[in-house]
Amino acid sequence: MMLALQRRIEQHLMPTKPSLATSDNNSNSEQHFFSDLITAAQLIRLSWPDSARFAPSSTVADLIARHVATWTALRKNRSPGRRARDTWAAPQGPAECGALLLAADTLLGDRGQDGPALRERIQPLASAAFTRNEANTGAAFRRMDVSPDLSRALAQRSLGFNRAGGHHHARQHVPSRHCHFGIEHIPALAPETWIGAHFGDLTSLWAPGDVWKPRHLRRVVSLKLVEMAGGGTWPQCAVILGIPWVTAQRSLTVLKRNLLPGGQWPLLDTAVETVAQELDAAARHVDFATRRRTLSTWQIPAEDLAALTVGLVRLADAESSLTRTAATALVWARVTQGDHLHSPPVEALREAKRSTKALVSAIGQLQTPSNRKGTRLRFLQRINEYADGLARALDEGRSQLKRQYPLASWRADHPAFAAESYSSSPLT
């Protein structure tokens, strides 16, 4: 077995040899052949004797045990404050070195396989190694330039996310699974259609009138999907989606408090994986990042607002700046599937250290279920229909929205208005 490994090592040392890879995944594994092998060997040593089961024979296990005993004694006897340059050094004896590499190769297994089985083998050893050794051991492993599969397997995770900590190395951004969708395809709030289709086991546990737990769920689902596609800790995922840190933390806290005591968190993980599989299989993805970027400075044109409010005589202050700002926030929230509380108009007030109370109240009056009747309901329906048309325009790559008013929902009420035509208006 050692000779077979030696031959494979020699093959990778010969630059004239053709590529050993036939697929992208194998290409990554072969590119990182040596770094993966070295990292796995260090993990075998640092987690010994937990890693003894990866020694393919008792002779190999004895060689590693002898090396670890000598290596451990040297570490204990080094001078206080002296940097442990020998901590990561290879064994001096070729037999011990071969045994360590052979156990490492056994731990890595088939280089072409996907991550779950590799992670199941790696995680117990990583936990032992990081617990028993210096505090910076975990950070040292994160800095190693290993293959994506091994990086995913090494990552310490908590409730489906890479564990947050003080080290923000690029390797933390390795996605937790192979995805056919990107972080740009994830909205800040998972659409309600996803929740209704896949999270019924969770939402059925909550009171029918509870609007906040489902909202926290939508936010956490989006955070987990970003982590799957782009990696990173949950605070880093929140930044990508434009979610304030404290808001993301609050949503995670609410779900932990409601799901962990009853052991229901695995239901969340399973449902998110189902959503990810559907996104993988989708022929077309919505680019929510482009939508957010395009509408970041957009405000609903005054003539559009006038068209949306025509005939709504009971809508107070229909043409006021507050109504226009509220409509802008609602359109933004529907187009981007984001939280209106973090829409550009609301955030602009916060940055200017001005009160958001009036604006948030105006939005709340339209969105509160008990208020969805009469004039308010019709206005909200028009805003939603307008937003859907704007979303289609953005997805088609149009920088201008060609208005075709009135929309079907209120054409019958105002036939004279149907004859009017409107020129294009830039989305700026």
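A short reminder: the numbers here are calculations on the coordinates, not readings from a lab. Please read all numbers here as calculations on a predicted model, not as lab measurements. Note: ideal-geometry Cβ built from the backbone for every residue, glycine included; neighbour counts use all protein chains shown.
In straight Cα distance, which aspartates and glutamates are under 18 Å from Lys213, not counting same-chain residues fewer than 8 positions off?
The qualifying aspartates and glutamates are Glu192, Asp201, Asp269, Asp339.
Estimate the FRET efficiency between Ala197 and Ala139 by the formula 1/(1 + (r/R0)^6), using the beta-carbon distance for r and 56 Å for R0, to the nearest 0.05. Don't skip to the end; give the middle numbers.
Working: r = 40 Å, r/R0 = 0.72.
After rounding, the FRET efficiency stands at 0.90.
Out of residues 5 or more away from Ile300 or on other chains, whose amide H comes under 5 Å of its own, with H placed 1.01 Å from N in the peptide plane?
Thr328
Could you tell me the calculated FRET efficiency between Gln277 and Gln11, based on Cβ-Cβ distance and R0 = 35 angstrom, to the nearest 0.05?
On the way: r = 37 Å, r/R0 = 1.05.
Efficiency for this residue pair is about 0.45.
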